[in-house]
Each structure stands twice: as C-alpha cells, then as structure tokens.
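Colleague: One structure follows; several queries about it will come next.
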Amino acid sequence: MIKSFIQRPVKIVASSCRNLSMSMNHRNLNFLDKYDAQQVSLLYEPLMVVDQHDHIIGETTKKDAHLLSNIEGEQSLVHRAFSFFLFDTTTFPSRLILQQRSSEKITYPSLWANTCCSHPLYNNVEMNGIDGVKHAVIRRTKYELGYECDLDLIYLTRIFYQARNIPDDGIFGESEIDYIIIAKHKQNSQLDLLTDFKINKNEIKQIKAVTLNECEDLVEQGVTTPWFTRIVRDGLLAKWWSALDKQELNNDASVSDEIVRL
C-alpha cells in the first residue's frame with residue numbers, strides 16, 4: 001500500500017479518461033500559445049492514468065495529466081512516470097549526472113533534476129510494468145541527452161508525490177507514481193560530459209556530474225525540482241547512493257505493493 005498515499009480516493013474510471021478535456025481543458029487552448037511550440041506538441045503524448053495501487057485505469061494526454069484542474073479537482077488524476085539516475089562510479093567519490101531543465105520547459109523550467117525524468121507512454125510496449133518503464137528510460141535518455149543507454153537498468157522502488165509548478169502558474173502541476181531506475185557507468189574511463197552526451201537544448205540547458213554533498217547544496221539553494229528535493233531531503237538518495245557504492249544494487253528490487261509517499 002502507499003504510505004499515507006493521498007487525502008482523497010481516485011474517483012476517475014477508465015471509460016472517462018479519454019474525455020477529461022471535454023468539460024474544461026479544451027474550452028480555450030489559447031493559453032498554450034505563450035509556450036514553446038515543440039514543448040506544446042509533446043503535451044499530446046498518451047500517458048497512463050493509474051489508481052492508488054499503480055494499476056492502469058485509463059489513458060490521458062500529458063497536458064491533461066498535468067493540469068491542476070484535473071489533479072486537484074474531482075478527478076484526482078494520477079499518472080505513471082519514471083526518474084532515472086545515472087551514476088559514474090569510475091571516480092571517487094562517485095558522481096551523479098544531473099540536468100538543468102531548459103527554460104523552454106512548461107513545467108519546472110530551469111530547475112535542476114536527476115539525469116532524466118519523463119513518462120512511459122500508453123502503448124503495448126511501455127505499459128508492460130518495469131520492462132516497459134525501462135524501455136521509456138532508454139527512449140527518453142537518447143532523446144534528451146543523446147546518450148546511448150547500453151547499461152544495466154535497475155529498478156529500485158516507486159514513489160508518489162504531488163506538486164504545483166514552479167513558479168506556480170495556477171495551471172500545471174504533478175501527481176504521479178514514479179518508478180525509480182538507476183544505472184552505473186561501467187566503462188573503465190569516467191563519463192565525459194562533452195563527448196558522451198549530445199544534449200537536446202529544447203529539453204536541457206546543461207548537465208553536470210556532482211557528488212552527494214553537491215546535490216544537497218543545490219537542494220538548499222532552492223534550485224531543484226520538487227521530486228528531486230524530496231528524494232534528497234527524505235534521505236532516499238543518500239541511501240541509494242551508499243548501497244550503490246557498496247555494490248549492493250545489482251538486480252531489480254522485488255516488486256511489492258508498497259509505494260512511498262513523499
């Protein structure tokens with residue numbers, strides 16, 4: 001079960017997911033005109049709507065999944081997502097690759113986050129549990145970072161969190177069950193930020209490799225996304241990092257019913 005999952009139950013049913021936008025969200029799409037056209041086009045990707053146990057109950061668009069009117073309203077929409085953490089363990093101390101989100105991003109522009117954060121899509125491949133999520137990680141890591149993710153991806157856990165956009169625009173936010181996926185760079189030489197990555201400037205402003213202490217400093221500066229901030233402040237990142245350095249994380253965690261609420 002999700003720890004203290006949510007104050008109200010998810011009320012939406014699968015049959016109504018496709019038509020969420022009919023009542024309010026499509027009344028006036030002119031509000032999207034102020035955003036980057038490429039980012040707006042991605043708002044129509046199909047995402048999975050899930051219940052409090054992460055069971056798929058329907059389909060919606062990325063836009064509708066992130067509208068506060070659907071998150072905080074009667075529908076209480078929750079969608080499936082992932083957060084990917086790529087560690088370079090060839091250095092000591094080991095380092096985590098962070099990205100600064102592009103200023104063109106509609107949600108959380110210019111904030112720092114973990115290596116890649118996105119969503120598995122509502123399709124036959126990426127709806128397939130952990131394997132589907134890993135497929136999405138590979139797809140998005142190549143799209144955002146230009147990085148060929150020929151790595152052993154390891155599933156750790158699922159977290160649930162809700163947050164409003166930063167800065168708070170009163171329009172967008174997050175409400176998702178997030179699969180935590182990690183990997184470690186396993187070559188003999190350390191990752192080269194200039195040659196190993198070809199970042200998509202529409203997605204990412206810059207990347208850097210940081211230690212745990214440097215992650216914590218960024219959080220204290222208030223320049224990180226809500227999910228990354230909570231993962232750090234709740235001690236989860238330090239716990240995962242320590243286990244990784246001790247070579248204790250080599251296989252997928254067993255899938256349990258527990259989903260941790262942040």
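Colleague: For the chain, what is the charge dipole size about the Cα centre, in debye to the nearest 20, if Lys and Arg each add +1 at the Cβ and Asp and Glu each add -1 at the Cβ?
Modeller: Dipole about the Cα centre, nearest 20: 280 debye.
Colleague: Continuing with the same structure: Please list 65-72, 86-93 highest first by mean number of surrounding beta-carbon atoms within 10 Å per residue. Show your work: numbers first, answer last.
Modeller: Values: 65-72: 21.6, 86-93: 16.8.
Highest mean packing first, the order is 65-72, 86-93.
Colleague: To continue, here is another question. What is the distance in Å between the Cα centroid of the stretch 216-236 and that of the stretch 127-170?
Modeller: Taking the Cα centre of each part, the stretch 216-236 and the stretch 127-170 sit 18 Å apart.
Colleague: Return the sequence-ordered ³J(HN,Hα) values of the stretch 218-226 in whole Hz as given by the Karplus equation 6.51 cos²θ - 1.76 cosθ + 1.60 applied to θ = phi - 60°, using x for Gly and Pro.
Modeller: 4, 4, 5, 6, x, 10, 10, 5, x
Colleague: Here is a further query. Only four residue types carry charge here, +1 at the Cβ of Lys and Arg and -1 at the Cβ of Asp and Glu. Report the dipole size of the stretch 167-262 about the Cα centre in Debye, rounded to the nearest 20.
Modeller: Magnitude of the dipole: close to 380 debye.
Colleague: Let me ask another. Could you pull the Cα extents of the stretch 61-159 along its three principal axes, largest to smallest, in whole Å?
Modeller: Here the Cα extents, ordered largest to smallest, are 49, 32, 23 Å.
Colleague: So what J values fall out for the stretch 109-120 if you push phi through Karplus, 6.51 cos²θ - 1.76 cosθ + 1.60 with θ = phi - 60°, rounded to Hz, Gly and Pro as x?
Modeller: Once θ is set to phi - 60°, the couplings for the stretch 109-120 become x, 6, 8, 8, 8, 5, 4, 7, 9, 6, 9, x Hz.
Colleague: Could I ask something else about it? Show me 131-139, 221-229 ranked by packing, highest mean number of other Cβ atoms within 10 Å first. Write down the numbers at each step before the final one.
Modeller: On the way: 131-139: 20.2, 221-229: 18.2.
With the highest mean Cβ count within 10 Å placed first, the list reads 131-139, 221-229.
Colleague: Taking H as built 1.01 Å from N, whose amide H comes closer than 5 Å to the amide H of His79, not counting residues under 5 places away?
Modeller: Residues meeting the amide H criterion: Val50, Ser175, Glu176, Ile177.
Colleague: Follow-up. Non-local amide H neighbours of Glu59 (under 5 Å, H modeled in plane, Pro and chain starts lacking H): which ones?
Modeller: The list, which skips near neighbours in sequence, is Cys17, Arg18, Val49.
Colleague: Considering every pair of different Cα atoms, what Kirkwood radius, in Å, is found for the chain?
Modeller: Numbers: mean 1/r = 0.0532 Å⁻¹.
Computed over the chain, the radius equals 18.8 Å.
Colleague: Another question, if that's okay. Stretch Glu148-Asn30 to full length: gain in nm at 0.36 nm per residue minus the Cα-Cα span?
Modeller: 38.8 nm
Colleague: Next question, about the same structure. Divide by every residue of the chain the summed helix terms, -39500 (n - 2.57) for each DSSP H run of at least 4, and state the resulting mean residue ellipticity at 222 nm, rounded to the nearest 500 deg cm²/dmol.
Modeller: -6500 deg cm²/dmol, from helical runs alone.
Every read-out reported here was derived from the displayed coordinates using simple, explicitly stated rules and does not represent laboratory data. Computed from a predicted model, the values in this text were never measured in an experiment. Note: ideal-geometry Cβ built from the backbone for every residue, glycine included; neighbour counts use all protein chains shown.
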